[in-house]
Every structure is written in structure tokens, then in C-alpha cells.
């Protein structure tokens, strides 16, 4: 009997030791120093200095929460990782992209905070103003759904085309209802548009590609949209911090948003992006 009891105790002890790591993992990713690590998915690494400032702010606020960035090359796998609970938050997408992803893939996500607004302006190496547009001119726009839709909305705001309003924030070329100059709008890889400007009258692409081409996304644009995040037309294009819906009220996430919505982060944005990215929060 004693040998049998001893065997049972050994089995129970082994089961307990095996269960401890799983229990700790489920309790919230605490590191050796007792900090609560929150994994935030981003695209690329350009925002790293901003999140470094967020961590400094969390420390100053006496929070045990710390952000660990997980970099992706594209937003689609980042959202997949969040849905699979491989990461906790994402901070790379604007409302329009988020809503498109939710519609297509039935994700249960929720915005917990806004970050910044990035302009999508019009550029040209041939003309100085959209008033110089002629009949039949070619315009390059991005070839992905959300940015193509946004570029078309820019052309509509500029008075060059009209769109079917029922298509919301993601209209396609076939949703143009009026094109008074008979413009030839061509979808192109957004990373190539700045280099292809000599082949087009004008082009619209993301600010990061404009910066990569050593141009200023605001000063070198021939047409600029309003940079104010309070402008209702800009709401779909504001970048956001996103959580899974059932975890959106976590105290740790609220602390992160509080640490982001500060003057120090706004200053870091100004420094990092030379005033191109506009903070989309009050501080």
C-alpha cells in the first residue's frame, strides 16, 4: 500500500508541475521582473520610437504594463494573428481597413484608441495643380481595396469625379458615376507610383512611399486633403489601436491608450514624421 501511495503522489506531483506553466501562460504573460507584457502587432518597424515612448510613459505612470512590438510585413497576417490570440493588440490599420477585414473575415474586434492620421495626397511631375488636368489624362491609384477606395474619394473631394454614395469608403473604379474629364484611372502597386509619375499626369499613394521617394507628402503634393482628424471626412482613415472585442475593457489596454494619448507621444510623432502624421487624439 505504501508503494502504491508513493506512486500516486509522484504522478500527482508531475501533473501539477506540468500544469503550472500553462496556468502562468493563461494568466497574462508576466516576465521575470513582474511586468505584464502586452504584444502589439505593427506593420514594419517605423513606429518603434513611438512605442518606446509609450513604454517610458507607462513606467512614469507607475504601471506594470509594458508593450512588446511584434512586426509583420502586412496587415492581413497581423489581424489573423490577433484573431488567433498570438498577439494582444494591433496598431497599424485605419477604420476603413479594419471594417473591411471584419466584414470579410467576421473578426470580433473593437477599437480601444486612436493613434494618428496619415495623409493620402496627389502628386505629379508634369503639372502643378489639378486645374491643369486635361481630358483623357491618366491617374495612378493604389491597387488594394481600401487605399484604392480612399484615392477615389480624394479625386471626388477634388471635384474630378463623382462616386456611387452607396459604396461607402471602399468604392471601386466601376462605381464612378461621373467623370467629366474622361480620366483614365489605373490601379498600380502603391510602392511604385512615385517612380512611375513620368508615365502619368498624376498619382495618389501612401505617405510612406512618398517619403521613401525623398519627397514631402504635404509640401510636394499638388492637391492636399484636410489634415484635421476632427474632419468627418477623415474618420475612416484614422489609424487605431484594436483589441479583441471580449477583451477590449482590460485595464492593461486602458493604461496603454492613456500612455499613448500624451504630449510626449505627439512630440515623438512630430519628430519622427516631420509633421506629416497628425496625432488623432487629445492631450
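Label reach from residue 131 (point 7 Å along Cα→C-beta): in the range 180-199, amide nitrogens under 20 Å belong to 180-182.
Compute the long axis of helix 2-26 from its Cα atoms, compare it with the longest principal axis of the Cα atoms of the chain, and write down the angle in degrees, 0 to 90, nearest 10. The helix 2-26 is inclined about 20 degrees to the chain.
In terms of surrounding Cβ atoms within a 10 Å radius of their Cβ, 272, 197 rank from fewest to most as 272, 197.
Using only the alpha-carbon atoms, how far is helix 251-260 inclined from the longest principal axis of the chain? Give it as 0 to 90 degrees, nearest 10. Approximately 40 degrees, to the nearest 10. In this rough spin-label picture, where each label sits 7 Å from Cα along the Cβ direction, the residue 272-residue 166 distance is 4.2 nm. Here the simple spin-label model places points 7 Å from the Cα toward Cβ, and for residue 46 and residue 76 these points are separated by 2.1 nm. Please work out which option in [x] 25; [y] 38; [z] 19 gives percent of Cα pairs over 31 Å apart calculated from these coordinates, and answer with its label. Derived directly from the coordinates: [y]. Label-to-label distance, residue 157 versus residue 180, with points set 7 angstrom from Cα along the beta-carbon direction: 1.9 nm. Computed extension length for residue 233-residue 85: 50.0 nm, one decimal, from 0.36 nm per residue of separation with the Cα-Cα distance subtracted. Only helices enter this figure: runs of n ≥ 4 DSSP H residues, each worth -39500 (n - 2.57), summed and divided by the residues of the chain, yield -11000 deg cm²/dmol at 222 nm to the nearest 500. Using only Cα atoms and rounding to the nearest 10 degrees, what angle (0 to 90) does helix 145-157 make with the longest principal axis of the chain? Helix 145-157 sits at roughly 40 degrees to that axis. For the pair residue 173 and residue 247, the difference between a 0.36 nm per residue extended length and the Cα-Cα distance amounts to 22.9 nm.
Rule-based calculations on the coordinates, nothing more; no lab input. Everything numeric here is computed off the predicted structure, so don't read it as measured data. Cβ atoms come from the backbone with ideal geometry, glycine included; neighbour counts cover every protein chain shown.
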